[in-house]
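Asker: The structure that follows is given in the form of structure tokens.
The values are calculated or read from the model by the stated rules, or taken from the named source; none is laboratory data. Worth saying up front: this structure is predicted, and the values here are computed from it rather than measured. Neighbour counts are summed over all protein chains in view; Cβ atoms, including those assigned to glycine, are modelled from backbone coordinates with ideal geometry.
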Amino acid sequence: MTKPACITTRLSISAVFALLSSPAFAGGFALNEQSASAMGTAFSGRSSSALDASTVYGNPAGMSYLGEQVSGGMALISASSDISNASSNFNGSNHGDMVPLTAIPFGYYVKPLDDNWHFGIGVYAPFGLATEYENNFEGRRFAKDSDLSVVSIQPTLSYKLNEQWSFGAGISANHAEGTLSSAVNPAPAVFRDGEYKVSGDDWGYGYNLGVMFQATDSTRLGLSYRSKVDYTLEGDVKNTDIANGIVPAGKYDGSLELTTPETFELSVTHQFDSQWTGYAGYTWTRWSRFQEVVIKSPGNGSPIFQEVVEEQNWHDTRSYAAGLSYQLNNQWVLRSGLAFDPTPSNNTDRSPRIPSGDRYVFALGAGYSPTDNLTLDLAYVYLQEEEVSVNNSEAGKGRYQADFNNAAHSLAGQATWRF
């Protein structure tokens, strides 16, 4: 394993941390915005409810409870970050609010094949983030701009064994694309920053499994599993650091290895009476796969541009959620939910790329069915993170310390049409 031989190479690893930054509504860089109906209860009953075709993502076994239908919608995320007590040996600003307004679309289709078999397909975004610090950000040598998107296509089958047991399975084709950058220019005599940018894309493949058990007329349990997916994002490594003479400025071939983690999700849905329904959910995510991040580059003949490895040391997380829905009348259902989602990062390795703490989620939602065929769902989520501190110091990049207080709002809408 070749260790980094210069400051420019080290900055490529800092750029990778853009994948692991900014508030989202699931831990790490996972996204939860695949269903407005599930979002209204903070996703607490996602594996056991089968409210609509979005169960293709939540638990494919839930298709056994549905007729032919199509669901689709979009979520908007607006996140903010308040940076305080910042200090560095480089001058700059600390505006925060580095996450742009982001739209996340999703769509699903379910069709019964016979009394036992159902087919479904979904298109959604399971992972993705974007950060855009200001050009003069004080910690720009540890973090600057980034963009990551993962889009999944998931064909799925479910089988209803009897009135109690249903099973589902699907495969997913996932396209990941990212562009990540950091400022570079450690020479104090040079007043113009260079830039180190890594970009690439790849396809990865995984699978989803699910089971639902109708324990009583009022109680249903669901368990779902989503596999890990391996990517090698192949593309360009571009260096415009004119002040550093060790690695010449230019464009190089490069690759970034990335693995998105597997998850187990268990939930229960219980109907108390004709109006009230309760939900409880538990999710385990294997974030411990992020023990290190690796960038490889042939270097166009340069022996020091080969492989860069840096420890990340994330740990597995266990998230919890609870929710309620109230059937107001034949047309309206009201929803609410709470969730706790701990951060997978640790205090030692936290950087401006990953200034996230434990997350507390508050959700409200409503469903409106003007006809038997059409349901319109709307959901709002507010997320507040605990305040966390960043204390980074590295040769050539200097020092950056700050406190981050992150929050986010999300609004989602969805329409379901039953044929």
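Asker: From (1) assigned to a strand (DSSP E or B); (2) modelled with pLDDT of 85 or more; (3) on the phi > 0 side of the Ramachandran plot, pick out the condition that doesn't hold for residue 76.
Answerer: Condition (3) is where residue 76 drops out.
Asker: Now, a different point. Which residue pairs have Cβ atoms under 9 Å apart, sit 6 or more places apart or on different chains, and have a first residue in the range 332-356 that is under 11 Å from residue 388 (Cα atoms) and a second that is in a strand (DSSP E or B) and modelled with pLDDT of 95 or more?
Answerer: Listed pairs, sorted by first residue: none to list.
Asker: Sticking with this structure for a sec: If we scan the range 230-240, do we find a residue that is modelled with pLDDT under 90, among the acidic types (Asp, Glu) and in a strand (DSSP E or B)? Write out each step before concluding.
Answerer: The first filter runs over the range 230-240 and keeps only residues modelled with pLDDT under 90, leaving 231-240.
Checking the rest, the ones that are also among the acidic types (Asp, Glu) come to 234, 236.
Subset that is in a strand (DSSP E or B): 234, 236.
Yes - at least one qualifying residue is present in the range 230-240.
The rows are residues; the columns are (1) assigned to a strand (DSSP E or B); (2) in contact with a Phe, Trp or Tyr (Cβ under 6 Å, 6 or more places away or on another chain); (3) over 25 Å from residue 42 (Cβ atoms).
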{"residue": "314", "(1), (2), (3)": "no, yes, no"}
{"residue": "320", "(1), (2), (3)": "yes, yes, no"}
{"residue": "347", "(1), (2), (3)": "no, no, yes"}
{"residue": "372", "(1), (2), (3)": "no, no, yes"}
{"residue": "393", "(1), (2), (3)": "yes, no, yes"}
{"residue": "414", "(1), (2), (3)": "yes, no, no"}
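Asker: Okay, moving on. Take the range 51-68 and flag every residue that is assigned to a loop (DSSP other than H, G, I, E, B) and over 23 Å from the mean Cα position of the chain (by Cα). Steps first, answer last, please.
Answerer: Keep residues of the range 51-68 that are assigned to a loop (DSSP other than H, G, I, E, B), which gives 51-54, 59, 66-68.
Across the range 51-68, the qualifying residues are 66, 67, 68.
Asker: If you don't mind, another one. For the list (1) among the polar types (S, T, N, Q); (2) surrounded by 15 or more Cβ atoms within 10 Å (Cβ to Cβ); (3) closer than 30 Å to residue 367 by Cβ; (4) modelled with pLDDT under 95, I need the number of the one condition that residue 267 fails.
Answerer: (4)
Asker: If residue 395 satisfies all but one of (1) over 27 Å from residue 320 (Cα atoms); (2) among the small types (Gly, Ala, Ser); (3) at pLDDT 80 or above, what's the number of the condition it fails?
Answerer: Checking residue 395 against (1) over 27 Å from residue 320 (Cα atoms); (2) among the small types (Gly, Ala, Ser); (3) at pLDDT 80 or above, the one that fails is (3).
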